[in-house]
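Report on the structure given below.
The values are calculated or read from the model by the stated rules, or taken from the named source; none is laboratory data. Note that the structure is predicted; figures quoted are calculated from it, not measured. A quick note on method: Cβ atoms are made from the backbone with ideal geometry, for glycine too, and the neighbour counts reach across all protein chains shown. With ligands, DNA and RNA removed, areas are computed over all heavy atoms of the protein, side chains included. Shrake-Rupley method; radii C 1.70, N 1.55, O 1.52, S 1.80 Å.
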Amino acid sequence: MNSRVVNILVPVISIIIGLIVGAIVMLVSGYDPVQGYIALWEGIFGDSYSIGNTIRQITPYILAGLAVAFAFRTGLFNIGVEGQLLMGWLAAAWVGYAVDLPRIIHLPLALLAAAAAGAFWAFLVGFLKARFNVHEVISSIMLNYTALYVMNAIIKQITDGGYKTETVAETATLRWQWLRDITDNSSLHLGIIVALLMVLLMWFILEKTTRGYELKSVGFNHHASEYAGMSVKKNIILAMTISGVFAGLAGAMEALGTYQNASIKAAMSGIGFDGIAVALLGANTPLGVVFGASLFGSLKYGALNMPNAAGIPEEIVSIIIALIIFFVASGYIIRVVLEKMGKKKEAK
Amino acid sequence: MSFLEVLYFIIPSAIFYATPLIFTGIGALFSERSGVIGLGVEGLMVIGAFTGIYVNLEYYDTFGHNVIWIAILAALVAGAIFSLLIAVAAITFRADQTVIGVAINLLALALTVFLVKLIYQKGQTDMIEAPIRRFEIPYLSDIPFLGPLLFHDVYSVSILAFIVAIGAWFVLYKMPFGLRLRSVGEHPMAADTMGINVARTRYIAVMISGALAGVGGAVFAQTIPLDFSATTITGQGFIAIAAMIFGKWNPLGTLGAALFFGLAQTLSNGGGSIPYIQDIPLVILQILPYVLTILALAGFIGKATSPKAVGIPYVKGKR
């Protein structure tokens, strides 16, 4: 079996095993897995309202996935998407309600603010790694919680002790009535277009620019890159910053699209961590991220239909997603089994 | 409040908040010193917290107040078993350990909330009837100054945490097993050449981390929230990892760092009534543990260096 086929088979097999184990968990818990999966399917594709909300759920997943994937391609593990996303969320919501501008400037400005906030939060991680050799996984985890508390403190400050900011202005919202009309008043918004544009952007940076080539090369082998005359430190900082742009925009999707504000949070949003799953499933390619985000976004939204339609707690889907990540990460063993099977066939 | 009264309030409370961090931080330390990233302790704490609360609720009638110990023991076993997933993936399947840590954290949370809904038909459990209570140590608490400071409001689990930390130091630095464990984390090939079974040592280390993180979760749940829901454990495992790093991967350092983070938490929760502290914005105290950890890693507060082979699967015969 050639490596291309194996690369596609590993995630597919992981998804199948994840769904099978999910079915076993439901069976053992006394639920009907067939009904469960039918409810899940209905929750995703049942009617135009569900489809609209599913796409809305996929939108931030694409951007969070891009953030993780972009960093991975440059040899960095951005586990701090969560914090960068929160910073972007806050910045977009603030620009969204605090300034008064025509729509053609206001909406791009709010998006830009989110991108800048996310980029800054990620820049810190890149700078710490380049300058002080601090491992990005640890520093970004620490910055996730720092972001959470800072965001809560700022929201409290700017709302005089309230728990959420004002609703973003009509001129800054990503909502568009036409989209809501055709999807039976779902909360589908224009963000999906932003997300898909960013997919193109990531592909363009990595595949069509010299800088992208350098970034990838530093990711492959930073000794060789250094020897070839590339600045490893500069590329690490740049890679994290670009990754943070995607993460910040994911926050803008929530601020300007889904929630229309920023509110005080007791815990992480979870989108950043799911972004790791998305990137992993999509093999860190832009197109793969779209598939990964579509799968996990659909599962997450469809799951909300399971308690009502089949009486099964929606957490079953989070269990399945965690298992899929687990199996994709353990790809080594799947590869070994596939190779053995391939050899047997050849022997026959 | 006078200065002494402030001290009598702050110190016992800091030890109280530090206790679960000590268990979990020492757990993460065992894993990392053997060369396996300890990110999964957050999820292992969730498992421990759920198990602890479940056992406490179900068996209070049978065991009375002693149920807290049964609950902690059950959490220890549950954590160790669950950590086998990490061990199999990280050691045998050579998976990316950071990703596995993330997956375990997601899985633990999803699984426990699923079980809560399955067992109790609602999103969170009832409050337990037998929380871990504090007591006064006779005679010792009569000592002037030190008595009210250290022996007046003591939790038995806090004493246990100190014993675990010091015991961990003894095991890691004074016993052959500890030397082997550390050598596997620094240079697995050299250890392998000397006849140490790298995979087995790492399996044991990961299971110890699971057991201790499970205890940490059960202790936390039975002292502070007293029930279990999706938001019972939110980042305590990561603070414990921060304590381990801030303590420079040394058990006694981890103990000290956990106590310091416990102090920060005390000040952020109860600082409003303490003179001087009430003038510091709350957010500064909340982010203090995380910022300090970054500074420690950046080398501003002594250099913190991780075990050399951490995160790298060991493949026999590969140079």
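Listing for the model above:
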read-out: Lysine-lysine proximity count for chain B, Cα under 21 Å, sequence distance 8 or more or distinct chains; value: 6
read-out: Test item: A:146-158 mean partner chain Cβ contacts at 10 Å; value: 3
read-out: Accessible area per residue in Å² at 1.4 Å probe, computed on the protein assembly as shown; value: 42
read-out: Lys, Arg +1 and Asp, Glu -1 on Cβ, resulting dipole of chain B about Cα centre, debye, nearest 20; value: 1520
read-out: Percentage of interatomic Cα-Cα distances in the protein assembly as shown larger than 31 Å; value: 54
read-out: Segments A:135-141, A:308-314 sorted - mean Cβ within 10 Å per residue, highest first; value: A:135-141, A:308-314
read-out: Among B:137-145, A:57-65, B:183-191, the order from most to least packed when residues are scored by Cβ within 10 Å on average; value: A:57-65, B:183-191, B:137-145
read-out: Separation of the B:ILE137 and B:GLU5 label points, Cα + 7 Å toward Cβ, nm; value: 2.6
read-out: Surface share of carbon and sulfur [accessible, 1.4 angstrom probe, percent] for the range A:60-286; value: 63
read-out: Cα gyration tensor, chain A - rounded (a/c under 1.5), prolate or oblate; value: oblate
read-out: Helix B:97-120 vs. chain B, principal-axis angle (Cα, 0 to 90°, nearest 10); value: 50
read-out: Relative contact order of chain A, pairs being alpha-carbon contacts under 8 Å that are 6 or more residues apart, as %; value: 35
read-out: Degrees, to the nearest 10: B:67-87 long Cα axis against longest axis of chain B; value: 30
read-out: For chain B, the fraction of alpha-carbon pairs in successive 20 Å shells from zero, as %; value: 32, 56, 11, 0
read-out: Longest to shortest principal axis, alpha-carbon extents of the range A:42-99, angstrom; value: 40, 37, 12
read-out: Probe 1.4 Å - accessible area at A:VAL278, Å² to nearest ten; value: 0
read-out: Filtered trypsin sites (Lys or Arg not before Pro), the range A:211-295: DSSP coil and at most 10 other beta carbons within 10 Å; value: none
read-out: Accessible surface, 1.4 Å probe, highest first, among residues B:ARG182, B:ARG133; value: B:ARG133, B:ARG182
read-out: P(r) tail fraction, the range A:173-212 - alpha-carbon pairs more than 15 Å apart, %; value: 54
read-out: Per residue convex hull volume, Cα atoms of the range A:95-250, in Å³; value: 150
read-out: Calculated FRET value between A:SER263 and A:VAL99, using beta carbons and R₀ = 25 Å, to 0.05; value: 0.80
read-out: Highest-first arrangement of B:229-235, B:50-56, B:290-296, B:97-103, where packing means the average Cβ count within 10 Å; value: B:50-56, B:97-103, B:290-296, B:229-235
read-out: Interface size B-A, as summed buried accessible area [1.4 Å probe, Å², nearest 100]; value: 3500
read-out: B:TYR203 accessible area, assembled protein chains, probe 1.4 Å, Å²; value: 50
read-out: Dipole in debye (nearest 20) - chain A, about Cα centre, beta carbon charges: Lys, Arg +1; Asp, Glu -1; value: 1220
read-out: Rounded to 10°, Cα long-axis angle of helix B:282-298 versus longest principal axis of chain B; value: 30
read-out: Shielding of A:131-138 by partner chains, average beta-carbon count, 10 Å; value: 5
read-out: Mean separation of Cα contacts under 8 Å (6+ apart) over length of chain B, as relative contact order %; value: 36
read-out: Kyte-Doolittle mean at least -0.5 and Cα axial length at least 20 Å: DSSP H helices in chain A; value: A:3-28, A:48-73, A:81-98, A:103-132, A:136-158, A:191-208, A:232-252, A:286-303, A:315-329, A:331-347
read-out: Helix-only [θ]222 nm of the protein assembly as shown, DSSP H runs n ≥ 4, -39500 (n - 2.57) each, per residue, nearest 500; value: -24000 deg cm²/dmol
read-out: Cα-only radius of gyration and Dmax that characterise the range B:168-233, units Å; value: 16.4, 49
read-out: Inter-chain shielding of B:114-122 (mean C-beta neighbours from other protein chains, 10 Å cut-off); value: 4
read-out: Rounded if a/c under 1.5, otherwise prolate or oblate - the range A:227-348, Cα gyration tensor axes; value: oblate
read-out: Where a label projected 7 Å from the Cα of A:GLU226 along Cα→Cβ would reach, residues of the range A:40-82 with amide N under 19 Å; value: A:74-77
